[in-house]
Every structure is written in structure tokens, then in C-alpha cells.
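Have a look at the structure below before the remarks.
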Amino acid sequence: MKAGSNNLGDIFSFMEIVTIDSSKKMTGYECGLCVHHAMVIDDVEEDIYVLEKIVERYYFCKHLIKCSNSIDALAYLQKNANCPELLPEIIFLDLAMPEFNGEEFLEHFGKLLPSVRQRCSLYIYSSSKKDETHYLNGKHPLVAGYVPKPMSLIYLLGVNSDHEQRYYLNNFQDKMLSV
């Protein structure tokens, strides 16, 4: 699925799904990374661009869902709540957005179905030291971590490592307990 080839563009005016081109190289996903879909919610085009280029360069995921506002991101999550294969495993959320900001997104995200909340690991994606201090201290139960802007390989590897741990704990914990 190439960018613009889906029908979501008709529904969500500020959202795009980018398929990472893996025609010439093996993707990180094929190398064993667990991330199939990731989502970025940010109103600053340059920050989305930097994240997209890092994701493409290091093959972090197969599909990157780009939302320039929280409303479209929530609508996407609600629409696909019963299709876990379309939900992002990782969400990068900017807090400083006009109208419906990241804090409001977190409030509404907490009201989504438990299956959606459990599927999506949410990372604050911000350049603010205040946000870093607040979210690194585990102040919000829905936030898996904090990633400073601009995105870099080091931060992406940290998110991937954290995600792999959560993935294996969530998927194999029940099997381990039943043994």
C-alpha cells in the first residue's frame, strides 16, 4: 500500500499512511523488530518529516501513520478498534498542539477500549524539558516513555527495546503462568 492508495485520506483530512519501501533492503520488521504500524501525532511538519526519515532509514516499522492533529488520530484509533492489525503498536505524541492538544488526547485515549490501549504503547515526543521531567518520572499511567525531539537512531532503538519487552510480556505472560 503506497501513500495515498488507501481510502483513509477521504475520511481523515490531515492523516497519511506511509508504507516504508523495502524493495531493495530487508526491513527492520523482517529482521525481527516487532513494530508493524507506528503513528506520529504532531502539528509541526518538520518534526514529522524528521521522524519519518529516521523510521525509513532504519526500517523501524512497515507503516507510519502520520496525523497532524489529535482528533484525526483518535478517529483512526476508534474506527480500527476491532482490527488490531491496523492499530499502531507505537504512538509518538506531541503535547504542544493547538485546539486539541496532547494532554486532551491522553484523556480521550484513556477512554478507548482496553484492547486499543493495550495494543498501543504511547511515547511523548517533545522538545520541552518540562515534559521530559514530568513523563520520565512515570506521572501518567498511559505513557510508556518520553522521546526528545529531534528523533535520532539512539532514541528509536530505545523505543524498540522497550516495545519488545512489553510485547513479550503481554504475549507470553499468560502462557508462562499456565505452565
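The values are calculated or read from the model by the stated rules, or taken from the named source; none is laboratory data. Quick caveat, the model's predicted, so the values are computed rather than measured. Note: ideal-geometry Cβ built from the backbone for every residue, glycine included; neighbour counts use all protein chains shown.
Looking across region 79-106 at every residue that is loosely packed, with under 13 Cβ neighbours inside 10 Å and either more than 15 Å from the chain's Cα centre (by Cα) or assigned to a loop (DSSP other than H, G, I, E, B) (or both), the one that is modelled with the lowest pLDDT is identified as Glu99. Scanning region 97-117 for residues that are in contact (Cβ under 8 Å) with a residue 40 or more places away in the chain and either closer than 22 Å to Phe60 by Cβ or among the hydrophobic types (A, V, I, L, M, F, W, C) (or both) returns Met97, Gly102, Phe105.
Listed here are the residues, each with its yes/no results for (1) crowded, with 17+ Cβ neighbours inside 10 Å; (2) free of Cβ contacts under 8 Å to residues at least 40 places away in the same chain.
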| residue | (1), (2) |
| --- | --- |
| His36 | no, no |
| Met39 | yes, no |
| Asp42 | yes, no |
| Asp47 | yes, no |
| Glu52 | yes, yes |
| Glu56 | no, yes |
| Leu64 | yes, no |
| Cys67 | yes, no |
| Ser70 | yes, yes |
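Under the condition of being crowded, with 18+ Cβ neighbours inside 10 Å, within 14 Å of the chain's Cα centre (by Cα) and assigned to a helix (DSSP H, G or I), which residue from region 121-159 is modelled with the highest pLDDT? Filtering first and then ranking leaves Val159.
Do the conditions hold for Asp21, that is, is it acidic (Asp, Glu), at pLDDT below 85 and part of a loop (DSSP other than H, G, I, E, B)? Yes, satisfied.
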